[in-house]
Each structure stands twice: as C-alpha cells, then as structure tokens.
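A.B. asks: Let me give you the structure first, and then I'll get to my questions.
The values are calculated or read from the model by the stated rules, or taken from the named source; none is laboratory data. Here the structure is a predicted model, which is why all the values come from computation and not from measurement. Quick reminder, even Gly has a Cβ in these numbers, built from the backbone with ideal geometry, and neighbours come from all protein chains shown.
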Amino acid sequence: MDMTLASMKDRDVRGQEPDRRFPGLPGERSEPGSPGRGSEAGRGRGASLPGPDPEVSAKAKRRQFSAEYKRRIVEEADRCKADGEVGALLRREGLYSSHLSSWRQQQTRGELRPKTRGRKADPRTALRRENQKLLRENERLRRELEKAKGIIDLQKKLSEVLGIETNPPVSLEDIDAPRSKR
C-alpha cells in the first residue's frame, strides 16, 4: 500500500476520504471564504439557506405542567398496582420520581385544585360587608323600637282617656325583690 504525502493529507484519521459534499463535518475544517457551513461567502450567490439549527439552545427552557396534568398523573400513579407500573408511567411521560413526590405533596396541601376565576376574596372586604350588614340591621331594629315605643305611648294615652286601668310598669327593683313582698 503505497501512499504519498498528498494522498494521506486527503484522508481523515480513520483512513477514509472526507465527504466533500458536506463541508464543515468532522475531519475537515471550514476555511474562511469557502462555501462551508459557517461561511457567509456563498450565501448571496444563489446558495440555499440552511434549515433550522439542530444545535441545543444555550439555555434550557423549564417545563411547566398544569395543575390538571399533575392531578391526572398523580391519580394514574395511585392506580398502579403491579411492580414497575409507576416507573413505566414516569418513563412514558418523561418525568422523574421527584416530580411525582412533590406533586403528591402539593395535592395534600390542596394546591392542585382548579383555580377559581375572578378576584380573590379580600378578608377586609368581607369584614366591611358584614359590618355594613350589622349596621343596617341595627338601624332597622332601632326604627322598630321607636315604633313600638310610640304604640305603647298611644295605648297609655288611650287607656287614660277611656278610663281603662293598666298594669303599672314593672321596675327592675320589683323583679329583683322576692315574690312574698309583692
């Protein structure tokens, strides 16, 4: 096997010829100015634009799971009876056991319930509402008391005019006194 220096230069480490159709792949450097992958030189003259970059982004995006999804997975894991079913579930869903344990804790704390829509109830607002209700009730009772006092006064005057004797008003002293003195 007679190889010259020039023919050895064209071979990669494994002894194979580099693929000239895909410059920039391992085994061949992309030189500036050549129409390789990292070069801007060949783009303006009818060269096709490369597709989406298959590289992994520099910063990973955290996965977010809805409360409904968490609740469904926890319920499904609770239904698993045989050995390895929970592991199969986690593998199928692409989850870790720590997800399941933290979601179970959230469920016991009541954090996986469906969220209610609208404004949250402010305890101060509830107290104000109850206070206003009690003030209205207090005012209504005062008006009723005034009416009752007016009716009682009218009955007293009417009984004086007609000469009907009424029971004398009972005082607190009479209530506290023993019955034998009455």
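A.B. asks: Just wondering, is there one or more residues in region 5-25 that are aliphatic (A, V, I, L, M), exposed (fewer than 11 other Cβ atoms within 10 Å of the Cβ) and either at positive phi or at pLDDT 55 or above (or both)?
C.D. replies: no
A.B. asks: List the helices (runs of 4 or more DSSP H) inside region 57-161, counting only whole elements, that have at least 1 residues being surrounded by 10 or more Cβ atoms within 10 Å (Cβ to Cβ) and among the polar types (S, T, N, Q). Walk me through how you get there before you give the answer.
C.D. replies: Details: elements: 67-79, 85-93, 97-109.
Filter on region 57-161 gives 97-109.
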